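Only one structure is covered here, and it is reproduced in the block below.
The values are calculated or read from the model by the stated rules, or taken from the named source; none is laboratory data. Since this is a predicted model, take the numbers as computed values, not measurements. Note: ideal-geometry Cβ built from the backbone for every residue, glycine included; neighbour counts use all protein chains shown. What goes into the accessible areas is simple: the full protein's heavy atoms, side chains included, and nothing from ligands, DNA or RNA. Shrake-Rupley method; radii C 1.70, N 1.55, O 1.52, S 1.80 Å.
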Amino acid sequence: MLVQIPQVLGKAGVARCRAIIDAAPWVDGNATSGVQSAQAKRNLQLPEGSPAAREAGDLILDALGANPLFIAAALPLKVFPPLFNRYAGGQRFGNHIDNAIRQLRGTDFRIRSDLSATLFLTDPADYDGGELCIEDTYGTQRVKLAAGDMVLYPASSLHRVEPVTRGARVASFFWIQSTVRSDEDRALLLQLDQAIQSLALQQGQAAAEVVALTGVYHNLIRRWAEL
């Protein structure tokens with residue numbers, strides 16, 4: 001399931017993040033590519049683990065930890081430290097599927113990539129092209145969000161970034177290992193959580209129906225969670 005999360009970073013957060021990364025040196029994006037991806041990928045990237053990537057990444061991780069929709073949609077167990085890329089002058093990333101296992105270089109930190117995330121850091125009016133195209137059961141979903149907005153989607157999805165023909169598209173991208181491995185189960189849990197929140201607003205948190213459904217929600221997580 002594709003989930004759009006608005007304003008993970010507000011205007012001030014986007015400006016701070018861009019100030020950090022725009023002043024840093026960028027390298028060929030294939031520094032983190034697998035063999036197949038390297039054939040399709042043309043962009044620039046902040047070096048993984050660079051001071052700028054760590055500082056800006058911590059800013060994003062703090063924002064994610066305070067975002068209820070991200071927590072509800074991803075049910076995160078581990079989040080890979082955010083990376084940053086830049087597309088300009090016709091650069092693109094052709095169709096590919098993200099690696100199943102991601103390891104942080106020079107460490108023993110690794111995750112199973114259940115979810116992929118793209119956090120947009122450039123306003124759509126500032127560049128042409130650059131849509132993130134994700135293939136799912138409904139066809140091709142074309143995503144181009146406001147600066148500060150993020151999209152979550154299954155890491156198993158075939159996806160691509162269209163060529164950027166004007167301006168530059170800057171974004172953060174990373175992966176999440178969820179406590180619930182199945183995309184279908186996470187989608188059901190998110191729907192249930194949102195229904196419970198809506199009912200709680202109408203009847204109050206102490207209403208018998210809200211308490212009962214909250215119990216169902218947590219018992220389903222207890223059944224499906226992998227820790």
- Which whole-number percentage describes the relative contact order of the range 11-119, with Cα contacts under 8 Å and a sequence gap of 6 or more? 25
- Along the principal axes of its C-alpha atoms, what lengths does the chain span, in descending order and rounded to whole Å? 58, 36, 34
- Expressed as a rounded percentage, what relative contact order does the chain have, with Cα pairs under 8 Å and six or more residues apart? 24
- 1/(1 + (r/R0)^6) with r = Cβ-Cβ of residue 187 and residue 166, R0 = 35 Å, i.e. FRET efficiency to nearest 0.05, evaluates to 0.45
- Message: If I take R0 = 25 Å and measure r between the Cβ atoms of residue 220 and residue 4 in this structure, what FRET efficiency does the formula 1/(1 + (r/R0)^6) give, to the nearest 0.05?
- Response: 0.55
- Unit charges on C-beta of K, R, D, E only; dipole of the range 44-171, Debye: 300
- Query: Leaving out same-chain residues fewer than 8 places away, which lysines sit with a Cα under 26 Å from that of residue 11?
  - Reply: 144
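Using the alpha carbons of the range 183-224, what is the convex hull volume per residue in cubic angstrom, as a whole number?
45
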- Task: Starting from the Cα of residue 104, step 7 Å along the direction of its Cβ; do the same at residue 140; then give the gap between the two resulting points in nm.
- Result: 3.6
- Toward the positive end of the charge dipole of the chain, about the Cα centre and with charges on Cβ (Lys, Arg +1; Asp, Glu -1), which of 88, 178, 6 goes farthest? 88
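Of the peptides 1-13, 148-160, how do they stack up when ordered by the mean number of other Cβ atoms within 10 Å, highest first?
Output ranking for 1-13, 148-160: 148-160, 1-13.
Leaving ligands, DNA and RNA out of it, report the carbon-plus-sulfur percent of the accessible area of the range 3-178 at a 1.4 Å probe.
C and S atoms contribute 53 percent here.
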- Query: Counting other Cβ atoms within 10 Å, which trypsin sites (Lys or Arg not before Pro) in the range 99-134 have at most 12 and lie in a DSSP loop?
  - Reply: 105
- Task: Starting from the Cα of residue 22, step 7 Å toward the Cβ, then list every residue of the range 154-170 with an amide N under 16 Å from that point.
- Result: 167-170
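Expressed as a rounded percentage, what relative contact order does the range 148-227 have, with Cα pairs under 8 Å and six or more residues apart?
Relative contact order comes out at 35 percent.
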- Item | DSSP-loop GluC sites (Glu not before Pro) across the range 133-227, with at most 13 other Cβ within 10 angstrom | 226
- Note on the structure: Sorting 121, 101, 145 by the position of each Cα along the dipole of the range 3-178 (Lys, Arg +1; Asp, Glu -1; all at Cβ), the one nearest the positive end of that ordering is 101
- Query: Rounded to the nearest 500 deg cm²/dmol, what is the calculated helix-only ellipticity per residue at 222 nm for the chain, with -39500 (n - 2.57) per DSSP H run of length n ≥ 4?
  - Reply: -10500 deg cm²/dmol
